[in-house]
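In what follows, a structure is listed as structure tokens, so that the remarks can point back to it.
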Amino acid sequence: MSEIFQKSLRDSSLKIEDVLSKILEKKISNNKNLNDAMRYSVLGGGKRIRPFLVAECSKFFDTDEDEILQIAAAIELLHVYSLVHDDLPSMDNDDLRRGKPSTHKYFDEAIAILVGDALQTLSFEILSESYKKIKKIDQINLINSFAQYVGQYGMVGGQAIDIDVNQKDLSLDKLLEMYKLKTANLISFSCQVGGIVSGAEQKKINALKNFGNNLGIAFQISDDILDVIGDEKVTGKRVGSDLKNNKKTFLNFFDIDNSKGEIKKYCDLSISSLKIFGPIPDTLLGLVNFVREREF
């Protein structure tokens, strides 16, 4: 990773960690166990790629940094909800996440379900709060788009494909559709936030949508590779989870070297999508290179 990207990602992660901590302190419930489990799940781990993309892609537009950070936090809360539920025994049955026991292992399965439910609704609560610099119509468009990207037409729909009993019969096209829905959608939405809330022209929003879609697919293919050859101490996740769950992945269609070639292809496509904005910021180039070469 380049030093510029490393520093920008580290700085962004510290900022969003602070925002997330303050949100969880403010939105506290009467149930200590639920509060503790929410904080355990959200704080102190993760790459925070989605908030980073929200912040960096929003710099193409006239936006307010504090408001963008609130939206970025909402997206990260939604992302954590998806991880908590993905790890459940009824889903991927993973007992390690971000280098520590999964929420259902550290607490129990029931509280993990409630944590996910609480984080999902909290994300929409944050998005629907009052913003001084964002027009109401743009805020409504943001919330509506978010719901579509993460609901049955998006992330949840992708997860439904992932756990389908006929998953072993997936074609490559259907697998890529699942990757787009389950992984790329939320990454793509993160890239579009600044354009949506600033009422930008559609061609610029579409460029960021394509950037995120291609980057998200590359990210998921690299996940497939790391599930086979990754180091658990580096990735913070169990290796071999896909094999254990008899899941079809990109490696059912391509070997590791050819899969890395496909990652490069999607990374190149993501970069080309940003040409409409002129010179591409080093931070975004660094992120694409991180996905191209990632080890965690």
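Taken together, the values in this text are just the output of simple stated rules run on the coordinates, not laboratory data. Small disclaimer: the values here were computed from a predicted structure and weren't measured. Because the Cβ atoms are built from the backbone with ideal geometry, glycine has one as well, and the counts that use them run over all protein chains shown.
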So who's got an amide H within less than 5 Å of the one on L96, skipping anything under 5 residues away but keeping other chains? H placed 1.01 Å off N, in plane.
S102, R238
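So if we plug the beta-carbon distance of E201 and I28 into 1/(1 + (r/R0)^6) with R0 = 51 Å, what FRET efficiency do we get, rounded to 0.05?
Numbers: r = 41 Å, r/R0 = 0.80.
E(calc), rounded to 0.05, equals 0.80.
What does the extension gain come out to for D257 and D173, with contour length at 0.36 nm per residue minus their alpha carbon separation?
Numbers: separation 84, 0.36 × 84 = 30.24 nm, distance 1.98 nm.
Full-extension gain reported as 28.3 nm.
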Gained length - V156 relative to Y106, 0.36 nm times residue gap less alpha-carbon distance
15.6 nm
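Pulled fully out, how much extra length does the chain show between L285 and K7, if you take 0.36 nm times their separation in residues and subtract their Cα-Cα distance?
Contour length minus Cα-Cα distance gives 98.7 nm.
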Taking region 1-73 and dividing mean pair separation by its residue count, relative contact order in percent (alpha carbons under 8 Å, at least six apart)
39
Estimated vicinal HN-Hα couplings, Hz - region 145-154 in sequence order (Karplus 6.51, -1.76, 1.60; Gly, Pro = x)
5, 4, 4, 5, 5, 10, x, 5, 8, x
Return the loop-located GluC sites (Glu not before Pro) in region 201-296 (DSSP other than H, G, I, E, B) with at most 15 other Cβ atoms within 10 Å of their own Cβ; answer none if there are none.
E201, E295
Pairs K26/K132; K105/K180; K7/K59; K180/K260; K174/K265: which exceed 23 Å Cα-Cα?
K105/K180
Trypsin sites (Lys or Arg not before Pro) in region 108-162 lying in a DSSP loop, each with at most 11 other Cβ atoms within 10 Å of its Cβ, come to K132
Could you give me the ³J(HN,Hα) list for region 35-46, computed from phi with Karplus coefficients 6.51, -1.76, 1.60 and θ = phi - 60°, whole Hz, x at Gly and Pro?
4, 4, 5, 5, 5, 4, 6, 8, 9, x, x, x
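Filter the trypsin sites (Lys or Arg not before Pro) in region 217-289 to those in DSSP coil with at most 13 other Cβ atoms within 10 Å of their Cβ, and list the result.
Details: sites: K233, K237, R238, K244, K247, K248, K260, K264, K265, K275; in loops: K237, R238, K247, K248.
Filter output for region 217-289: empty list.
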Considering region 1-128, what Rg and Dmax in Å follow from its alpha-carbon atoms?
14.9, 45
Check: C-alpha center region 1-48 vs C-alpha center region 73-150, spacing in Å is 13
Helix-only CD estimate at 222 nm, as mean residue ellipticity for the chain, using -39500 (n - 2.57) per DSSP H run (n ≥ 4):
-21500 deg cm²/dmol
State the percent of C-alpha pairs, over all pairs in the chain, separated by a distance greater than 28 angstrom.
35
Model label zone, N245; criterion: amide N under 11 Å from point 7 Å along Cα-to-beta-carbon; scope region 57-96
83-95
Which ³J(HN,Hα) values, rounded to whole Hz and listed in residue order, are derived for region 129-143 from phi using the Karplus coefficients 6.51, -1.76 and 1.60 in 6.51 cos²θ - 1.76 cosθ + 1.60 with θ = phi - 60°, glycine and proline given as x?
6, 7, 10, 6, 9, 9, 5, 4, 5, 5, 5, 5, 4, 4, 5
